[in-house]
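Colleague: My questions will all concern the structure given below.
The values are calculated or read from the model by the stated rules, or taken from the named source; none is laboratory data. What you see is a predicted model; the values in this text were computed from it and never measured. With ideal geometry, Cβ positions are generated from the backbone for all residues, glycine too; neighbour counts draw on all protein chains shown.
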Amino acid sequence: MEELRKVLDEAKNRLIESFGLEPDVLLPDIRYRVIEEIVSTSIIREKVELTLTDVIDDAILNKYLGIPVFISLAWMMFQFTFSVAAPIVDAVDMFFSWIGEIIGEYISNSFLASFLADGIVGGLGTILVFVPNIFFLFLALSALEDSGYLARVAFIFDRVMRKFRLSGRSIIPHLIGFGCNVPGVMATRTIVGENERILTAITNPLISCSARLPVYVLFAGVFFPDNSPTIIFSLYMLGIVLAFLISFVVGRFFLKGRPSPLIMELPEYSMPETRTLLMHMWERGIMFVKKAGTVILAGVIAIWALSNLPLGVKSVEESYLGILGHIMEPLFKPFGWDWRIAVSIVFGFVAKEIVVGALGMIYGVEEEALENVISQTMTPLSAYAFMTFVLIYVPCVATLAAIKGELGWKWAIFSAIYEVILAYLVALMIMVIGGVMLS
C-alpha cells in the first residue's frame, strides 16, 4: 500500500511539473479538449461571434494583464472614494463642531458638558466624520461585484496564490474582509481544504476592513494631502502582500500540503443597476453606523472616563489614561510616538475606529484641530509607520471571536500574538529604512 501511494505521488508530481496543473484540474481540462475535438469533427455550425463577455475576459483573465488590471481598478476605486466624499466629510465635520459648541454654550455643569461634548459628540463625531468615505467605498465595491468582475478575481489570483499555499477561493473571503473581517473569516467555511481554510482565516485580519479607514483618512490627509488616495491604496496592498507571505510561512512550516483545485462557473458581465448599488451601499454602510452607536459609543465613553479619573485630575496626562500611556511610551519610542499616540492603539482592540476617537479625546480637540495637533507631534514617516501598525496589529474582539468560532482557541490566540509581533517589526522596518533613505 505504501509503495502504491509512493508511485501515485510521484506520478502526480510529474503531472504538475509537466502541465503546471493539479490532476483534479488537468483531467477535466483534457476531457473538455477531447469533447471539443469530437464535436468539431461531427457537427457543422455557423460562425459564432464573440460576445462582449468573451472580449473583456480575453484581457481581464490574461495571465500577464489580469493582476495589473486589478491593481489599476483598485487604485481608481480609492481615487473615486476620497474625491467624491471630500465635500461631504467637511460638511459632517462642521455639523459635529456646531453641536459641540451648542452643548458648551447652554450646559453650565462643566462635568456634564465635558461628558456630552468631549465624550459623546467629540468621540463619535471624530469617527462618524469619515462615514461618507466608507459609504462610497462600499458603493465602488458593489459596482465591481454586481458587474461580474469580482467573481473573476479568484481566477486571476489563483496561479499566484498557489505559490503561497492558497487558491483562488481564498481571495473571496479576503475581498469580503475589505468591508469587515468578521464575515470574511466566516466565509472561509466554504473552502474545501482544511489547511487552506485555516490559512485564509488567520490571514484575513491583515486585510484592511472599513474600521481602519478613519485612521488612514485622518493621517494620510494630514501628512500626505496631495497623495492621500495613493498612500491609503498602498496600505491596502501591503495588507494583501503580508497575508500572502504569512500564508506561505505558516503553510510551509506548520500546515504542509497543496491547496485544493479551483473550478467555478463565471457569470456574464452585466451593467449594475443604480437601485441595487445604492441598496448594497446602504445595507453595508449602515452596519458601520450601528456599530458606532453601540460598541464604539461604549468605547469612547470608557476612554472619556479613563481620561477624567481619578476625580480631580487637572489634565489627561495625570489620569489613568495618561499613566497607561507613559508606561507604554518607551516601547514605541523608536517610532517617534508620544504617550498619547501609544495609548490610542490600546482601544483599537475593541474596534479600530476608536483609535481616532481616542486621539480626539486625549488631545481634547475636534477633528479639524486634531489634524493640526497631530501634524506638530509626528513626521510623515512616523505617521506612515503608525498607519501600518494599525493595519497589522491585533484583530478586534469580534474578529478574534469569529476565528475562535471557526478554528478554535489555538488559532485565535496564534492570530493575536503573531499580528502584534508582525506589526511592531514592520513598523520598525519602516522607521529604519525610511530614516536611512531620508538621511
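Yes or no, residue by residue, for (1) in contact (Cβ under 8 Å) with a residue 40 or more places away in the chain; (2) not small (G, A, S); (3) not assigned by TED's automatic domain parsing to the domain that holds L428:
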| residue | (1), (2), (3) |
| --- | --- |
| G299 | yes, no, no |
| Y320 | no, yes, no |
| I345 | yes, yes, no |
| G348 | yes, no, no |
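Colleague: Give the residue, chosen from A220, A243, A292, that is modelled with pLDDT under 90, part of a helix (DSSP H, G or I) and in contact with a helix residue (DSSP H, G or I) (Cβ under 7 Å, 6 or more places away or on another chain).
Modeller: Of the residues listed, the single one that is modelled with pLDDT under 90, part of a helix (DSSP H, G or I) and in contact with a helix residue (DSSP H, G or I) (Cβ under 7 Å, 6 or more places away or on another chain) is A292.
Colleague: Is it the case that segment 143-163 has a residue that's in contact with a Gly (Cβ under 9 Å, 6 or more places away or on another chain) and either closer than 24 Å to A398 by Cβ or outside the structural domain of C396 (by TED's automatic domain parsing) (or both)?
Modeller: Looking for residues that are in contact with a Gly (Cβ under 9 Å, 6 or more places away or on another chain) and either closer than 24 Å to A398 by Cβ or outside the structural domain of C396 (by TED's automatic domain parsing) (or both), one finds none in segment 143-163, hence no.
Colleague: Scanning segment 178-217 for residues that are hydroxyl-bearing (S, T, Y) and in a helix (DSSP H, G or I), which turns out farthest from I354 (Cα to Cα)?
Modeller: Checked segment 178-217; the qualifying residue farthest from I354 (Cα to Cα) is T190.
Colleague: Among the residues in segment 230-246, are any surrounded by 19 or more Cβ atoms within 10 Å (Cβ to Cβ), more than 25 Å from A86 (Cβ to Cβ), in the same structural domain as F157 (by TED's automatic domain parsing) and not hydrophobic (A, V, I, L, M, F, W, C)?
Modeller: no
Colleague: With the structure loaded, tell me whether A358 is in contact (Cβ under 8 Å) with a residue 12 or more places away in the chain, within 23 Å of the chain's Cα centre (by Cα) and assigned to a loop (DSSP other than H, G, I, E, B) or whether it fails that test. Walk me through it before giving the result.
Modeller: On the way: in contact (Cβ under 8 Å) with a residue 12 or more places away in the chain: yes; within 23 Å of the chain's Cα centre (by Cα): yes; assigned to a loop (DSSP other than H, G, I, E, B): no.
No.
Colleague: Within segment 335-354, can you find the residues that are surrounded by fewer than 24 Cβ atoms within 10 Å (Cβ to Cβ), within 28 Å of G435 (Cβ to Cβ) and either among the hydrophobic types (A, V, I, L, M, F, W, C) or touching a Leu at 6+ places or on another chain (Cβ under 6 Å) (or both)?
Modeller: F335, W339, A342, I345, V346
Colleague: I want to confirm something. Restricting to segment 362-402 and keeping residues that are buried (at least 17 other Cβ atoms within 10 Å of the Cβ), modelled with pLDDT of 90 or more and β-branched (V, I, T), which single residue is nearest to N181 (Cα to Cα)?
Modeller: Ranking the candidates gives I392 first.
Colleague: How many residues are modelled with pLDDT under 75 and more than 19 Å from P183 (Cβ to Cβ) if we restrict to segment 272-289?
Modeller: 0
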